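The values are calculated or read from the model by the stated rules, or taken from the named source; none is laboratory data. Quick caveat, the model's predicted, so the values are computed rather than measured. In this analysis, Cβ positions are derived from the backbone assuming ideal geometry, glycine residues included, and neighbour counts consider all displayed protein chains. Just the protein is used for accessible areas: all its heavy atoms, side chains included, with ligands, DNA and RNA removed. Shrake-Rupley method; radii C 1.70, N 1.55, O 1.52, S 1.80 Å.
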Amino acid sequence: MNIAIPWTTERKPVAALAAVVLLAITALLLLNLVNWRQALLFLVGAALGLTLYHAAFGFTSAWRVFIRDRRGAGLRAQMVMLALAVLLFFPALAAGSLFGQPVAGFVSPLSVSVVVGAFIFGIGMQLGGGCASGTLFTVGGGNARMLVTLLFFIIGSVIATQHVDWWFALPSLPPVSLVKDVGLAPGLLISLVLFAIIATLTVVLEKRRHGALEQAAQASRHGVARFWKGPWPLVWGAVALALLNFVTLALAGRPWGITSAFALWGAKAAQGLGISVSDWAFWQTAANAKALAAPVWEDITSMMDIGIMLGAFLAAGLAGRFAPNLNIPRRSLVAAIIGGLMLGYGARLAYGCNIGAYFSGIASGSLHGWLWLVAAFFGNSVGVYLRPWFFPGERQPKTLSAC
């Protein structure tokens, strides 16, 4: 007697095989078209995508559940990630080189544009349904709605490049680096104390609301199977992201970033439509003009972003969960459009996103990363309050307080 077995991605790992083929072909092309370093950075991006997917390491959801429910496991994992990152980054940045490669962090001004941009970005996180890294890994994992968020993320990014010279001219304080301006040891101590305070605060507030900390769900897989197919504990994701950002620093000479590529993709598309973006002040700086003129495969951030999506595609295939769904509710679609525009516009004003400004900024010792965190967190609070208008049935928080 024959029994029909449903054709699932768990039984037929077509997605995983397709992802491996695409990763291998792209890495080989980059090796030939650019150099070995670009190929390795692309694969680091893939490892980041796999990590983000398997650990479900979302900044947006972590902040939402803390703001709405006072559950702080996600925020505590972020503090672990940041603590490990500064322990790795600060000595290298103080020395100015890593394995013979000159390195520099992301250190930006403390400006009005950072506050406004991060606040806008925070609202966009909750409406769009993801941050910069979250948008990429969920797109790679097969989330069709997040393709809409990504499209409008790109559009918002290129629109912002037409205006940023005005925003950057608003009042600001000079860049401040804890590594250079405060010193290696004091900068490390200040950072670690701040991480500990935030983690402790989440514990206190979670216990006050619920009486005890939330326990992690029991894993359905263990050992090697869990590593390859997930799900990973949050702390695995935190450690892996910090280590992979450090590898990026060693290979690229600067930390991990995401959203500059979105502006570049949008600008190249606009040029194809006959819009003279090269006349805009943003694209007339030496670095941006060079990126706009060069092929996209020569841009490190672009290749790492594509790597993230393919790495998440691989992870979803390995987990047997790659199953795109094109049935997107109308209100959710509107939220994706508005959120994407806000994400793109806000990221450019704030000198980066949750990765380039928050994660890599704080890892670089830049005070603008901390300013971004505060402003974006208040933006997330507003976004969480607005979400039920676009996602019917979702509970609205009683107040806008983030404490």
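For the range 59-88, taking the residues that are outside any helix (DSSP H, G or I) and in contact with a Lys or Arg (Cβ under 9 Å, 6 or more places away or on another chain), the one that is most open to solvent (accessible area, probe 1.4 Å) is identified as Arg71.
Screening Ile355 with (1) surrounded by 24 or more Cβ atoms within 10 Å (Cβ to Cβ); (2) within 22 Å of Glu394 (Cα to Cα); (3) among the aliphatic types (A, V, I, L, M) gives one miss only, at (2).
So, Val116, is that one within 25 Å of Asn325 (Cβ to Cβ), aliphatic (A, V, I, L, M), in a helix (DSSP H, G or I) and open to solvent by 20 Å² or more (accessible area, probe 1.4 Å) or not? Judged against the criteria, Val116 is not a match. The residues in the range 228-248 that are under 16 Å from the mean Cα position of the chain (by Cα) and open to solvent by less than 10 Å² (accessible area, probe 1.4 Å) can be counted, and the count is 6.
How many residues does the range 249-281 contain that are open to solvent by less than 40 Å² (accessible area, probe 1.4 Å) and either part of a helix (DSSP H, G or I) or touching an Asp or Glu at 6+ places or on another chain (Cβ under 7 Å) (or both)?
Here is the first cut: in the range 249-281, the ones open to solvent by less than 40 Å² (accessible area, probe 1.4 Å) are 249-253, 255-259, 261-264, 266-267, 270, 277.
From what is left, the residues that are either part of a helix (DSSP H, G or I) or touching an Asp or Glu at 6+ places or on another chain (Cβ under 7 Å) (or both) are 249-252, 258, 261-264, 266-267, 270, 277.
Residues flagged as open to solvent by less than 40 Å² (accessible area, probe 1.4 Å) and either part of a helix (DSSP H, G or I) or touching an Asp or Glu at 6+ places or on another chain (Cβ under 7 Å) (or both) within the range 249-281 amount to 13.
Condition check for Asn327 on (1) in contact (Cβ under 8 Å) with a residue 60 or more places away in the chain; (2) open to solvent by 60 Å² or more (accessible area, probe 1.4 Å); (3) of a type in the set (S, T, N, Q): one failure, at (1). In summary, Thr202 fulfils each of the numbered conditions (1) open to solvent by 60 Å² or more (accessible area, probe 1.4 Å); (2) in contact (Cβ under 8 Å) with a residue 40 or more places away in the chain with the single exception of condition (1).
Of all the numbered requirements in (1) open to solvent by 50 Å² or more (accessible area, probe 1.4 Å); (2) out of contact with any Gly (no Cβ under 8 Å at 6 or more places or on another chain), Ile338 misses one, and that requirement is (2). Can you find a residue in the range 182-195 that is assigned to a loop (DSSP other than H, G, I, E, B) and not small (Gly, Ala, Ser)? No - not one qualifying residue is present in the range 182-195.
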